[in-house]
Amino acid sequence: MIEQSISITPDTRAIWLIFNGEEILLPDSGLHFLETTWAELPFAHAYQQQIIKVGDYNQLPCLLIDMGKEHIDSERFSLNGLRAALNESCDELFGVVSRAWQVALFIRTHQFCGKCGSKTQQVDWEMAVQCSRCQHRCYPRISPCVIVAIRKGRQLLLAQGKPHASRDLFSVLAGFVESGETLEQAVHREVYEEVGVKIKNLRYMASQPWPFPHALMMGFMADYDSEQIKVDGKEILKAGWFDVDNLPIIPSKVSIAGKLIEQACVEIDPACNPYT
């Protein structure tokens, strides 16, 4: 539930999701996210009319403030990368923080109407912006993506894309759904385009919002069918079959990629846990 009309008092205690540029403000106390009262955030008071409630966690409201790129002067807090912060969160809080970033990005990128170019205004009864001139209304963008763990015996097909090369991280294959495609068609196409492999026994597993920048990841499991691995050399740099007992560096288990890898390992060998 996203609410834009929030009553705030100095004693209002909440989990504050404060974005600055592409980073999130976190406490130096070691807590994963910023839980405090409004009175303890004097540098954010200029944004009181822009606070948006994006959910609840541990019986506390989760409140979004986007400070753009304004300088924050505080010895108690520091700016941190959003990916690293999300990797430390639980599933429930992951969803709330993901929603907050996607809402912040939506508002930042929809200040003007894409139809006539006039200034937009936020709608106060739903998460949307509306053009002050032609009344064109826009909602937060959601981009459907597919992601799949592919099994062959005791092995998983893992690949390394360009963004992961510096960390030598390998993950399952993923890609955006194209216009006119079913999710199943998108999985088969992405796998064949990226690594030249054909798959079978495709089955849906789970989904996860992924805020980089506004994806909805839909996870699948599949079995190897035929063809040798042949990476495309564009999105994928390396790919190979890895035994579940000898996996390379893989994504955090909070991500759906990590969850798919973990589930595949358990299905292959109930005693296998890639995160121990």
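The values are calculated or read from the model by the stated rules, or taken from the named source; none is laboratory data. The shown structure was predicted, so the numbers you read here are calculated from the model rather than taken from an experiment. These accessible areas exclude ligands, DNA and RNA; they are computed on the full protein's heavy atoms, side chains included. Shrake-Rupley method; radii C 1.70, N 1.55, O 1.52, S 1.80 Å.
In whole angstrom, and with the biggest value first, how far do the Cα coordinates of the stretch 68-192 range along each principal axis?
Principal axes ranked by extent give 59, 49, 27 Å for the Cα atoms.
How big is the stretch 119-158 on each of its three principal axes, counting only the C-alpha atoms and giving the largest first in Å?
60, 18, 10
Using just the C-alpha positions of the stretch 1-128 as equal point scatterers, what log10 of I(q)/I(0) does the Debye formula give at each q in 0.19 1/Å?
With one equal scatterer per Cα and no solvent, log10 I(q)/I(0) is -1.11.
Please enumerate, by chain and number, the aspartates and glutamates with C-alpha under 20 Å from the C-alpha of residue 253, excluding those fewer than 8 residues away in the same chain.
List returned: 88, 91, 92, 168, 243, 245, 262, 267, 269.
Which Rg and Dmax, in Å, describe the Cα atoms of the chain?
Computed over the Cα atoms of the chain, radius of gyration and Dmax are 21.2, 63 Å.
Leaving out ligands and nucleic acids, and using a 1.4 Å probe, what accessible area per residue does the chain come to in Å²?
Accessible surface, normalised per residue, equals 52 Å².
Taking one equal scatterer on every alpha-carbon of the stretch 164-276, how large is log10 of I(q)/I(0) by Debye at q = 0.18, 0.20 1/Å?
Per q value, in the given order, log10 I(q)/I(0) is -1.06, -1.35.
What fraction of the DSSP beta bridges in the chain is antiparallel, stated in percent and rounded to the nearest 5?
Here the share of antiparallel DSSP bridges comes out near 75 percent.
Please go through the residue pairs 119/162; 115/234; 115/162; 53/234; 234/259; 69/115 and name each one whose alpha carbons sit more than 30 Å apart in this structure.
Working: 119/162 38 Å; 115/234 34 Å; 115/162 35 Å; 53/234 40 Å; 234/259 26 Å; 69/115 27 Å.
Those over the limit are 119/162; 115/234; 115/162; 53/234.
Please work out the C-alpha center-to-center distance from the stretch 153-178 to the stretch 123-145 and express it in whole Å.
Measuring centre to centre over Cα atoms gives 34 Å.
What's the carbon and sulfur percent of the stretch 88-152's accessible surface, probe 1.4 angstrom, rounded to a whole number?
Its accessible area is 49 percent carbon and sulfur atoms.
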